Structure formats: structure tokens, C-alpha cells
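**Student:** Here you go, one structure.
The values are calculated or read from the model by the stated rules, or taken from the named source; none is laboratory data. None of these values were measured; they are calculated from a predicted model. Cβ coordinates were reconstructed from backbone atoms using ideal geometry, including for glycine residues, and neighbour counts include every protein chain displayed.
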Amino acid sequence: MKRTVNTIWFLNLAIADFLFSFFLIFNIIYEYRNLDWPFGDFMCMFSSLVIMLNTFASTFLLAAISLDRCLSTWVVVWARTKRTVLKVRIICLLIWIAAVACSLPLVIKRKTHSNSSEQILCIAGFSGLEAYKRATWFRFVVGFLIPFIIILASYVAIGVRVKRLRKHNKLKPFRIILAVILAFFFCWLPFYVYTFLELWLIEKTQKYPSAERTKIKNVFNQIGLFIVSLAYLNSCLNPFLYVFMCEEFKKKLRQSLVMVFDSAFAEEHLALFSQHSQSQHKSHSQSGSGPCLTQSLTLEG
């Protein structure tokens, strides 16, 4: 596939989502083992780093793609001359560097800890509740609020432009725009609401008896599994919302599918032709051997 601005965006987004999804395996095993981490200190930190890194990278890339589309819609001449593959590669590199810079302080102190139940937990390692609060607010503002404002503003601007240019054919673009905004919003907002509720509960239940705190925590953790899964779902939706919206990708996909079917049917046709040829050859050889044998017997007689 030809390297274009869109393919560079989508390639980086795909890498972010793939790494994000791949390293979820460690978390799934952790949950399956009832919060017993078997992979050691380094993987406790590193798997969390990769997930956090790709959360930021994916979110930043979505914001950058939104801005790029907005500029391409409003400043068409500028976009044609200034939107180059090299510049997009540099922007993507800067996004990954920014994602590392945002992620590393949040997970660098992550470590394993053995509790009274002989479980090995993978914990954040913050010095206290205030440090955890600051980290949560930082992640919310930088990893959700600012990118969401950029995405929302960009697609509202695109919607206004589309409405002006396509008065009779604007329903489909608006549906796509709405899907992009709603997917990002509804996948990630519940996660941050849950995180702030968790902080509030930690503060409110500090003076509660240990048994009651454990009970509340267990209920909250069960809800958390669904909320976190919903947030991670955004990485699964991104290919459909971004890649398959691109006409170039859809065209290549259709071409690829056609080639696959053509190849499959061609192979099937060749197989049938080969079988037919073999059967014909066999019948001819069998019918040819009869006269020869009769002829030889006649000559001998």
C-alpha cells in the first residue's frame, strides 16, 4: 500500500492499539488468578507502562487525526502543500515521546507486594493518597479532557464545513462524526468517573471497620472489571471508526478481498480441471489399451 498521510496515522494508531491489546494478556491472567501476579517486579512495571503508554499514544493520535481532518476540510490548499508524509512521521514520533513522558512517572514505582493471603499483588507504589490523586487528575486532564476537547471541536468544525459544502448529502458524514465522538466519550468517561469514585470511597471508608471496607472494595472491583473493559473497547472500535472510514483503505480492502476470492476460485477451478483431465486421460488410456491387446492377440493367432 502506498505511504500517505492517512496510512501513517492509521499505522501508528494500529501499533498503539495492538500493543495495548497484546499486553492486556498479563492483566487477564492476573485477574484470572484472583489478583495473584506471577510475572515478577519488572513485568509488573513494564506491562503497566506499555498499557499506560499506549493509552496516551492512542488518545493523542486520535486528537491529531481529528485536527488533521479539520485542517484538511477548512484549509484545503494549505493541506495539499503542507501535509507531507515526513511531517506526519515527525509528529507521530513526537506523540510517542510525549506518551512515554506522560506514562513513565505514573508507573515507575509500580512493584509487587505480598499480602496476608499469600497473594502477590501488582501495586502502583504511590507514596500516599495525595500522590495517587495527583496522578489521577493528571491522567484525566492530559489523557482524556484535553484530547476530547480537541476531538469534539475538530469534528464540530468538520460538521459545519460539511453542512455548508454538501447540503443534500450530509447525513452520512454527520453519522460518522457522531460515532467517533460518542465512542471515545462513552468508552473513556465511565473509566474516569469510576476512578474518581474510587478516590472518594477510599477517603470516606478510611475509618470503617476492615471487614466492611473489604466488602465495599470487592463490590467496587466487580464493577471496575466492566468499566475497564469498556475503556479498552475503544481500541477495538478504532479500526472500524478510523481505518474503514478512509476511502483509500476501503478500496484496498475490497481489492484484497476480491483477490482472495479470485485466487480461491482459481485454485478450485484448476483443481477441478486437473481432476477432469486426469479422469479423461485415464479413460483414454483404458480404452486405448483394449484394441492394442486385441490386435496383438489377432496377430499372434
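**Student:** For ASN34, are the conditions met, namely being at pLDDT 85 or above and surrounded by fewer than 17 Cβ atoms within 10 Å (Cβ to Cβ)?
**Tutor:** No; evaluated as a whole, the condition is false for this residue.
**Student:** Which one of these is within 30 Å of LYS217 (Cβ to Cβ), modelled with pLDDT under 90 and either among the polar types (S, T, N, Q) or out of contact with any His (no Cβ under 8 Å at 6 or more places or on another chain) (or both): PHE196, PHE185, PHE144, PHE191?
**Tutor:** None of the others qualify; the one that does is PHE185.
**Student:** If you don't mind, another one. Test PHE56 against the criterion of being under 24 Å from the mean Cα position of the chain (by Cα), surrounded by fewer than 19 Cβ atoms within 10 Å (Cβ to Cβ) and either free of Cβ contacts under 8 Å to residues at least 60 places away in the same chain or within 30 Å of ILE123 (Cβ to Cβ) (or both), and give yes or no.
**Tutor:** no
**Student:** Between ARG80, ARG89, ARG3, which is surrounded by 14 or more Cβ atoms within 10 Å (Cβ to Cβ), farther than 24 Å from ILE223 by Cα and charged (D, E, K, R)?
**Tutor:** Answer to the selection: ARG89.
**Student:** Cβ-Cβ distance below 7 Å, separation of 6 or more or different chains: which pairs start in region 106-118 with a residue that is farther than 11 Å from CYS44 by Cβ and end on one that is in a strand (DSSP E or B)?
**Tutor:** From residues that are farther than 11 Å from CYS44 by Cβ, the pairs are SER114/ILE120; ASN115/LEU121.
**Student:** Would you call ARG89 assigned to a helix (DSSP H, G or I), out of contact with any Pro (no Cβ under 7 Å at 6 or more places or on another chain), modelled with pLDDT under 90 and not β-branched (Val, Ile, Thr)?
**Tutor:** Criteria not met by ARG89.
**Student:** Still on this structure, please answer the following. Restricting attention to region 117-140, report how many residues are of a type outside the set (A, V, I, L, M, F, W, C) and within 24 Å of PHE26 (Cβ to Cβ).
**Tutor:** The total comes to 7.
**Student:** Would you be able to tell me the number of residues in region 18-60 that are among the hydroxyl-bearing types (Ser, Thr, Tyr) and more than 30 Å from SER154 (Cβ to Cβ)?
**Tutor:** Adding up the residues that qualify gives 4.
**Student:** Take region 73-86 and flag every residue that is part of a helix (DSSP H, G or I), of a type in the set (S, T, N, Q) and either more than 15 Å from VAL156 (Cα to Cα) or touching a Phe, Trp or Tyr at 6+ places or on another chain (Cβ under 9 Å) (or both).
**Tutor:** THR81
**Student:** Look at ILE8 and say whether it is among the aliphatic types (A, V, I, L, M) and either outside any helix (DSSP H, G or I) or without any contact (Cβ under 8 Å) to a residue 12 or more places away in the chain (or both).
**Tutor:** So ILE8 fails the test.
**Student:** For region 102-147, which residues satisfy the criterion of being of a type in the set (Asp, Glu) and part of a loop (DSSP other than H, G, I, E, B)?
**Tutor:** Answer for region 102-147, where residues must be of a type in the set (Asp, Glu) and part of a loop (DSSP other than H, G, I, E, B): just GLU118.
**Student:** Could you please find all residues in region 22-48 being touching a Ser or Thr at 6+ places or on another chain (Cβ under 6 Å) and part of a helix (DSSP H, G or I)?
**Tutor:** Selection gives PHE26, ASP41, CYS44.
**Student:** Something else: Can LEU178 be described as at pLDDT 80 or above, among the aliphatic types (A, V, I, L, M) and part of a helix (DSSP H, G or I)?
**Tutor:** Considered against the rule, which asks whether it is at pLDDT 80 or above, among the aliphatic types (A, V, I, L, M) and part of a helix (DSSP H, G or I), LEU178 comes out as no.
**Student:** Restricting attention to region 59-76, does a residue exist that is of a type in the set (S, T, N, Q) and surrounded by 20 or more Cβ atoms within 10 Å (Cβ to Cβ)?
**Tutor:** yes
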